[in-house]
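The values are calculated or read from the model by the stated rules, or taken from the named source; none is laboratory data. None of these values were measured; they are calculated from a predicted model. FYI the Cβ positions are ideal-geometry reconstructions off the backbone, even for glycines, and counts take in every protein chain you see.
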Amino acid sequence: MTETRDPEAVERARRANVGVEDVLPGEAATLRAAQASLSGESKGLRGLWPFLGPAFIAAVAYIDPGNFATNIAGGAKYGYLLLWVVLAANLMAMLVQTLSAKLGIATGRNLPETCRDNFSRPVSIALWIQAEAIAMATDLAEVLGAALGLHLLFGMPLFPAGLLAGAGAFGILALQRYGFRRLEAVIAGMVGVIVVAFALEVVLAKPDPGEVVGHLFVPRFDGSESVLIAAGILGATVMPHVVYLHSALTQNRIVGRDEAEKQRIQRFERIDVIIAMTIAGFVNMSMLAIAAAVFFGLGIESIEDAYSSFESELGTGSAILFGIALLASGFSSSSIGTMSGQVVMQGFIQRQIPLFLRRAITLAPALIILAIGVDPSRSLVISQVVLSFGIPFALVPLVIFTSRRNLMGSLVNTRATNVAAWAIAAVIICLNVFLLYQTFLGD
């Protein structure tokens, strides 16, 4: 039976340059609600509701298995020392994701497309190649995390668990055929599972409030290894692939008809980012504080060790909560990584490959690591350091483009925003240069 298309949704689809067949009834309802918000008919939470979603999809990447590995490593080895890094990384993420969302709203183009439009073809190809490498490092963390979750909870061998984790992403991505709201709802539900799990872990672990507050606001390191873990925390938090993806999530979702509407959409999306990133920040700070309270001094070296120690220190229920959170994180973030890969390839080089082939290509490194028996937890930490090296290649173009009035119109960055964004880029680049020096020339 043929579905009835909402005329207003069809018109919005035409303005957004997408096919009428892409506007599903559920999306039409969201678009009608969004128009009511933009016209002032709906206010408060009801007015905000249609705009919530894109940042929650992006937030999954900020609480992926790489975060589990780096936060546990930081808390187990250095106690509460690196909590300030988690807080700083989360504040950076808020600004970065706000800029990415704003680019899509203002231009109707995502970041890879904007790079292709404004850079030479060799530069675009080089950016695409590094972005694909980053996508593989991302998928490595996410698939390994989901495989570890299946292994710890059900005793499944790691290699078949990795295959199942890869297949699970398809099930989540298949929800896109029913409209963006279905996908956003499922992803938000998985984020909710992770939040509840770690809220209960905090109750069980009882981190020292004084230590938490004391280390949240005092920047300190303790040797080069702590800098390496800090870089991993940063790489696991400010994720380059969702810098690309977030602009794609907002570019055609709700299209402003004029500058005034675009400004209102941006205000709503900023709230979306603040809510989603605050939740992600709570989870990350909880992870490190729990690790500091339970694992400090125990010589915890891996996620498997952490699972066993949760069981021995806090009980079986605590270990199960940790495993469920890890599994939800791995499955949801793996699907987001595949979406990002499609955006990157289509945007930079105007090419698409079948979703199954892309999933197989990015899945291969994780399966190889699982097959040959490399320590998956250590691989997770290293993958996050690799990700930190990819951040400038996404962040620098993003700041350049959002600073251009001819591209952004009334949504162009303010001077204060530009200063903050360039400061973030400088910190990340300097940290990566230090890591290169420490790796190849340091003692």
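Yes or no: the stretch 271-280 includes at least one residue that is hydroxyl-bearing (Ser, Thr, Tyr), closer than 13 Å to Thr70 by Cα, surrounded by fewer than 24 Cβ atoms within 10 Å (Cβ to Cβ) and out of contact with any Cys (no Cβ under 6 Å at 6 or more places or on another chain). It would help to see each step written out before you state the result.
Going residue by residue through the stretch 271-280, those that are hydroxyl-bearing (Ser, Thr, Tyr) are 278.
If we keep only those that are closer than 13 Å to Thr70 by Cα as well, we get none.
No, that holds for no residue.
Close Cβ contacts (under 6 Å, 6 or more residues apart or on different chains) running from residues in the stretch 417-430 that are modelled with pLDDT of 90 or more to residues that are outside any helix (DSSP H, G or I) and crowded, with 18+ Cβ neighbours inside 10 Å comprise Asn418/Ser403.
Scanning the stretch 39-63 for residues that are in a helix (DSSP H, G or I) and more than 13 Å from Leu245 (Cβ to Cβ) yields Gly44, Leu45, Arg46, Gly47, Leu48, Trp49, Pro50, Phe51, Ile63.
Under the condition of being surrounded by 24 or more Cβ atoms within 10 Å (Cβ to Cβ), over 19 Å from Met287 (Cα atoms) and either of a type outside the set (Val, Ile, Thr) or without any contact (Cβ under 8 Å) to a residue 12 or more places away in the chain (or both), the residues counted in the stretch 81-98 number 1.
Enumerate the helices (runs of 4 or more DSSP H) found wholly within the stretch 155-228, keeping only those where 3 or more residues are in contact with a Cys (Cβ under 6 Å, 6 or more places away or on another chain).
On the way: elements: 158-173, 180-205, 209-216.
Answer list for the stretch 155-228: none.
Only a single item in (1) under 21 Å from Val243 (Cα atoms); (2) part of a helix (DSSP H, G or I) is not met by Gln352, and it is number (2).
On the basis of being over 18 Å from Ile129 (Cβ atoms) and in contact with an Asp or Glu (Cβ under 7 Å, 6 or more places away or on another chain), does Ser379 make the cut?
Answer is no for this residue.
Filtering the stretch 143-153 for residues that are at pLDDT 90 or above, surrounded by fewer than 20 Cβ atoms within 10 Å (Cβ to Cβ) and in a helix (DSSP H, G or I) leaves a non-empty set. Within the stretch 189-211, residues that are surrounded by 22 or more Cβ atoms within 10 Å (Cβ to Cβ) have Cβ atoms under 9 Å from residues that are outside any helix (DSSP H, G or I) and not polar (S, T, N, Q) in no pair, counting only partners at least 6 apart in sequence or on another chain.
A search for C-beta distances below 7 Å between a residue of the stretch 57-80 that is touching a residue at least 40 places away in the same chain (Cβ under 8 Å) and any residue that is of a type in the set (Asp, Glu), counting only pairs 6+ apart in sequence or on different chains, returns Ile57/Glu184; Asp64/Glu142; Pro65/Glu142; Tyr78/Asp222; Tyr80/Glu211.
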